[in-house]
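The values are calculated or read from the model by the stated rules, or taken from the named source; none is laboratory data. Predicted model only: the values in this text are computed from it and were never measured. Neighbour counts are summed over all protein chains in view; Cβ atoms, including those assigned to glycine, are modelled from backbone coordinates with ideal geometry. The accessibility values were calculated without ligands, DNA or RNA, using every heavy atom of the protein model including side chains. Shrake-Rupley method; radii C 1.70, N 1.55, O 1.52, S 1.80 Å.
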Amino acid sequence: MKFFEDFSTFVSIGPFTITWYAVCILVGALIAYAIGKYRFKQCGYRTDILSDYLINLLLLGIIGARVWYVIFTFDEFYASNPLEVFAIWHGGLAIQGGIFVGLIYSYYFFKKHDIPFLVAGDCIMPGVLIAQACGRWGNFFNHEAYGSEVSLAFLQNLHLPDFIINNMYIQGAYHHPTFLYESLGNILCFLIIIFIIRKFQKHQGVQFFSYFLCYGIVRFFVEGLRTDSLMFSAIKVAQLISIIFIIVGIAGIVYVHFYGNEIKNQGES
């Protein structure tokens, strides 16, 4: 057993390796799960419901994120080696694809358990931002999801730790640590939703739709700095989806404000 054999590896056990990429995704999922359990308890629902939900959601979310990534990069990375499609430990998950699949499964799951979808969304989606923030560190350890070239002085002026600055030197140049921008942006969105939006929320679904609004804004601007974006013709796919998220977020908040169910008690928020 060898720990930290290289920058991207957490531990090697014989021929098997566990990467930091996998660790970051798992840690993020567990934190989101813990937040979801706490919020479900506040709403008066059984927290054990989320155990089965998490396992299936994590699996389906990873599949959705992988499929989304492969669709837009197949000719570039996978056409000559189709088996590489299954090597997710090498990186290559597009979170927006995971979100779409996760939403479909979540609607089915909570309808089956007779839990209002928007109530479940209010409980779960803020925690997803923390999961995404952790996942971006997996990109860091894989040396991916970075931005355009910058100077060493630029990074030093951000007062970043040396281990981040040193590992933003990729292919002969320093780059924007866009993984860090998005990670911090997601944490900020989480805090805004939990400590501000939730405090003034009067209708079910406001936190759920606020996720799309806040994350859409963060991702749109961060994606503008990235150099490895998934492309559809000359359009960055993530920016296009971010615009859709922002529109859905605003429209959803307006809709539930006028037509949504009111929160019956503080615990339900």
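Quick notes on this structure:
- The C-alpha radius of gyration of the chain, expressed as a fraction of 2.2 N^0.38 Å, stands at 1.05.
- Computed with a 1.4 Å probe on the full set of protein chains, the accessible area for residue 37 sits at about 70 Å².
- Intensity falloff of the range 1-158 expressed as log10 I(q)/I(0), Debye formula with alpha-carbon point scatterers, at q = 0.10 Å⁻¹: -0.45
- Among the protein heavy atoms of the range 44-138, carbon and sulfur supply 69% of the accessible surface, probe 1.4 Å, non-protein parts ignored.
- Comparing 163, 109, 232 in a Gaussian network model of the chain where C-alpha atoms under 10 Å apart are linked, the largest mean-square fluctuation is found at 163.
- The calculated FRET efficiency for residue 79 paired with residue 171, based on their beta-carbon distance and R0 = 25 Å, is about 0.65.
- Length gained on full extension, residue 248 to residue 52: 67.7 nm, using 0.36 nm per residue less the C-alpha separation.
- Per residue of the chain, the DSSP helices (runs of n ≥ 4 H) give a summed -39500 (n - 2.57) that works out to -20000 deg cm²/dmol at 222 nm.
- Highest-MSF residue in the chain out of 247, 31, 164 [GNM, Cα springs under 10 Å]: 164
- For the range 1-86: rounded, prolate or oblate by the Cα gyration tensor [a/c cutoff 1.5]: oblate
- Value of D in µm² per second that Stokes-Einstein yields for the range 118-202, Kirkwood Rh from Cα pairs, at 10 °C (1.306 mPa s): 111 µm²/s
- Mean separation of Cα pairs under 8 Å and 6 or more residues apart, divided by the residue count, gives the chain a relative contact order of 20 percent.
- Partners for residue 41 among lysines (Cα-Cα distance below 20 Å; same-chain residues under 8 apart left out): 111, 112, 199, 202, 264
- Think of a 1.4 Å ball rolled over the protein heavy atoms: the range 125-237 then has 45 Å² of accessible area per residue.
- In plain terms, if you count all Cα to Cα distances in the range 157-269 and split them into 10 Å steps from zero, the share in each step is 13, 34, 27, 17, 8, 1 percent.
- Extension gain from residue 199 to residue 31, taking 0.36 nm per residue of separation minus the Cα-Cα distance: 58.3 nm
- Under the simplified labelling scheme, the residue 261-residue 228 pair shows an inter-label distance of 4.3 nm, with each label point 7 Å from Cα along Cα→Cβ.
- Annotation: extensible slack from residue 17 through residue 87 equals 23.9 nm (criterion: 0.36 nm per residue apart, minus Cα-Cα distance).
- 5 Å binning of all Cα-Cα separations within the range 33-80, expressed as whole percents from 0 upward: 4, 20, 17, 14, 11, 10, 8, 8, 5, 3, 0
- Charge dipole (debye, nearest 20) of the range 112-211; +1 at Cβ of Lys and Arg, -1 at Cβ of Asp and Glu: 440 debye
- Nearest-10 value in Å² for the accessible area of residue 6, using the 1.4 Å probe: 80 Å²
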